[in-house]
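J.: Below is the structure I would like to discuss, written out as structure tokens.
The values are calculated or read from the model by the stated rules, or taken from the named source; none is laboratory data. No experiment lies behind these values; they were computed from the predicted model shown. Counting neighbours? That spans all protein chains shown, and the Cβs are built from the backbone with ideal geometry, glycine included. Surface accessibility is based on the protein's heavy atoms, side chains included, excluding ligands, DNA and RNA. Shrake-Rupley method; radii C 1.70, N 1.55, O 1.52, S 1.80 Å.
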Amino acid sequence: AQSVSQHNHHVILSEAASLELGCNYSYGGTVNLFWYVQYPGQHLQLLLKYFSGDPLVKGIKGFEAEFIKSKFSFNLRKPSVQWSDTAEYFCAVINQAGTALIFGKGTTLSVSS
Amino acid sequence: EAGVAQSPRYKIIEKRQSVAFWCNPISGHATLYWYQQILGQGPKLLIQFQNNGVVDDSQLPKDRFSAERLKGVDSTLKIQPAKLEDSAVYLCASSLDLDRVNYGYTFGSGTRLTVV
């Protein structure tokens, strides 16, 4: 069955630092990958998604992710974080049936000003 | 467009009591999901509907959890009787259709359940 691993449980950064959050998935076939963000007190929101084409995907708020098939990875990056990026970040993959998303355990990002 | 509506936002019950959550998806969305998010973990799929039919309920603890979407629009999730380990946020999400899941889906704000 499909699964997603997020290696960093809690990341603490200062403003303007660069961010990279790791995500690895288990399935070797065609994959659809997602990053969702949950700001404090808000609902889960889609940051970006990949399902084909350019492996470098750009999302909202300056985030991007790179799909590396050989490494089964889809890491999230941002060159310079802001205090407002403090949130929980979830990587997700579509299941093999193509009908639902499977989520990782999430990474909590804390940005200090 | 209006988002996914869920109620109540918070619920505190004693163990062995019953509780129900309600979800109204985005208008026109055929696919509806219920997820359970335990503190410190990612959302876990409980059940998935396509219109009023169940697509996948393999991870739903059917001895105590039930869900329905009778008219293919809003949905209710029920727990009876509740256990302490059911304390979690229950998230509802919807997607336009099964073949549009690869575009991602929209989540509601969730219902935070505390079982004491």
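J.: I want to check the label-to-label distance for A:GLN42 and A:GLU15. Put each point 7 Å from Cα in the C-beta direction and report it in nm to one decimal.
T.: 1.8 nm
J.: Oh, and also: Among B:ASN24, B:ASN102, B:ASN52, determine the one that fluctuates most according to a GNM of chain B built with springs between C-alpha atoms less than 10 Å apart.
T.: Of B:ASN24, B:ASN102, B:ASN52, the most mobile in the Gaussian network model is B:ASN102.
J.: Search the structure for amide H atoms under 5 Å from the amide H of A:GLN2, placed 1.01 Å from N in the peptide plane, and list their residues when 5 or more places away or on another chain.
T.: A:GLN96
J.: Describe numerically, in nm with one decimal, the distance between label points set 7 Å from Cα along Cα→Cβ at A:ARG77 and at A:GLN96.
T.: Distance between the two pseudo-spin positions: 3.2 nm.
J.: Let me ask you something else. If you split all Cα-Cα distances of chain A into 5 Å bins from zero, what percentages do you get per bin, shortest first?
T.: 2, 13, 24, 26, 19, 10, 5, 1, 0
J.: Once the other residues with Cβ under 10 Å from the Cβ of B:PRO25 are scored (Lys, Arg +1; Asp, Glu -1), what is the net sum?
T.: It works out to a net charge of 0.
J.: Please report the carbon-and-sulfur percent of the accessible area for region B:26-67; probe 1.4 Å, protein heavy atoms only, DNA, RNA and ligands left out.
T.: Answer for region B:26-67: carbon and sulfur cover 46 percent of the accessible area.
J.: Convert each backbone phi in region B:48-62 into a coupling constant with the Karplus relation 6.51 cos²θ - 1.76 cosθ + 1.60 (shift: θ = phi - 60°), then list the ³J(HN,Hα) values in order as whole Hz, x for Gly and Pro.
T.: 9, 10, 10, 6, 9, x, 7, 8, 8, 10, 5, 9, 8, x, 5
J.: Follow-up question, since we're still on this one. Cβ under 14 Å from A:ILE68's Cβ, A:ILE68 left aside: what net charge do those residues give with Lys, Arg +1 and Asp, Glu -1?
T.: -1
J.: So, R0 is 41 Å and r is the distance between the beta-carbons of A:SER70 and B:GLU14; what FRET efficiency does that work out to, to 0.05?
T.: Efficiency computed from Cβ-Cβ geometry: 0.20.
J.: Mind jotting down a quarter of the surface of the convex hull over the alpha carbons of the protein assembly as shown, in square nanometres, one decimal?
T.: If you wrap the Cα atoms of the protein assembly as shown in a convex hull and average its projections, you get 12.5 nm².
J.: Which lysines have a Cα lying under 22 Å from the Cα of B:LYS78, excluding residues fewer than 8 positions away in the same chain?
T.: Answer for B:LYS78, where 22 Å is the Cα cut-off: B:LYS11, B:LYS15, B:LYS44, B:LYS62, listed by chain and number.
J.: Under 5 Å between amide hydrogens, which residues at least 5 positions from B:SER87 or on another chain qualify, with H placed 1.01 Å from N in the peptide plane?
T.: Result for B:SER87 returns B:VAL115.
J.: For chain B, modelled as a Gaussian network with Cα springs under 10 Å, which listed residue fluctuates most, B:ILE26, B:ILE47, B:ILE12?
T.: B:ILE12
J.: For a paramagnetic label modelled at 7 Å from the Cα of B:ALA5 toward its Cβ, which residues of region B:64-99 fall within the zone defined by backbone nitrogen distances under 13 Å?
T.: B:74-75
J.: Also, quick follow-up: With a 1.4 Å probe, how much accessible area is buried between chains A and B, both sides summed, in Å² to the nearest hundred? If you can, show how the numbers build up before the last one.
T.: Working: alone 6060 and 6480 Å², together 11000 Å².
So the buried area, both faces added, is about 1500 Å².
J.: Oh, and also: Any idea how far the Cα center of region A:30-93 sits from the one of region B:47-93, in Å?
T.: Cα centroid of region A:30-93 versus Cα centroid of region B:47-93: 28 Å apart.
J.: Then there's this: At 1.4 Å probe size, with every protein chain present, just tell me what the per residue accessible area of chain A comes to in Å². Numbers along the way, then the final one.
T.: On the way: 5290 Å² over 113 residues.
Accessible area per residue, chain A: 47 Å².
J.: Right, here's the next one. On a straight-distance basis, which lysines could pair with A:LYS71 in a cross-link, Cα separation under 18 angstrom, same-chain partners fewer than 8 positions away excluded?
T.: Those lysines meeting the cut-off are A:LYS49.
J.: Suppose we take every Cα in chain B and form the convex hull; what volume per residue is that in Å³?
T.: Convex hull volume per residue, Cα atoms: 96 Å³.
J.: A further question on this structure: In sequence order, what are the phi-derived ³J(HN,Hα) couplings for region B:67-81 according to the Karplus relation 6.51 cos²θ - 1.76 cosθ + 1.60 with θ = phi - 60°, rounded to whole Hz, with x for glycine and proline?
T.: Once rounded to whole Hz, the list reads 8, 8, 8, 4, 9, x, 10, 7, 9, 10, 10, 10, 10, 7, x.
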